[in-house]
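Trainee: Input: one structure, supplied below.
The values are calculated or read from the model by the stated rules, or taken from the named source; none is laboratory data. Note that this is a predicted model, so its numbers are computed, not measured. Note: areas computed on protein heavy atoms with side chains; ligands, DNA, RNA excluded. Shrake-Rupley method; radii C 1.70, N 1.55, O 1.52, S 1.80 Å.
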Amino acid sequence: CVTGLSSQHVAERFQHSPGTITRYFKAMLAFFSGGQFYASQVQFPTNNTPISTMITSDPCFQFFQDCIGAVNGTHI
């Protein structure tokens, strides 16, 4: 999932069937999105969260500096 390869390519690389790769991917997805891990590790930014200078120095930042959210490509 990190490399962006299809499950077929990952299966070939690790010499396992695509079904095995898919089963392990689903297990990892369930773990990382599960309650205990997600609640302890995922933190959303607040109004006081500093913004990186790499982002603020980007010329496109002026169009998104007042954006408070994005849904399906629509910036609010």
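Trainee: Counting only heavy atoms of the protein chains, get the accessible area per residue of the range 7-70 (1.4 Å probe) and round it to a whole Å² value.
Mentor: Per-residue accessible area for the range 7-70 comes out at 92 Å².
Trainee: Additional query: May I ask you to compute the full-extension gain from Arg13 to Ala30, defined as 0.36 nm times their residue separation minus their alpha-carbon distance, rounded to one decimal in nm?
Mentor: Between Arg13 and Ala30, full extension yields 3.8 nm more.
Trainee: Also, I was wondering about something else. On a full-extension model of 0.36 nm per residue, what is the gain between Tyr38 and Ser6, subtracting their alpha-carbon distance, rounded to one decimal in nm?
Mentor: Fully extending the segment from Tyr38 to Ser6 adds 9.0 nm.
Trainee: Can I ask one more? Fully extended, how many nm does the chain gain between Cys67 and Arg23 (0.36 nm per residue separation, minus their Cα-Cα distance)?
Mentor: Value of the extension gain: 12.0 nm.
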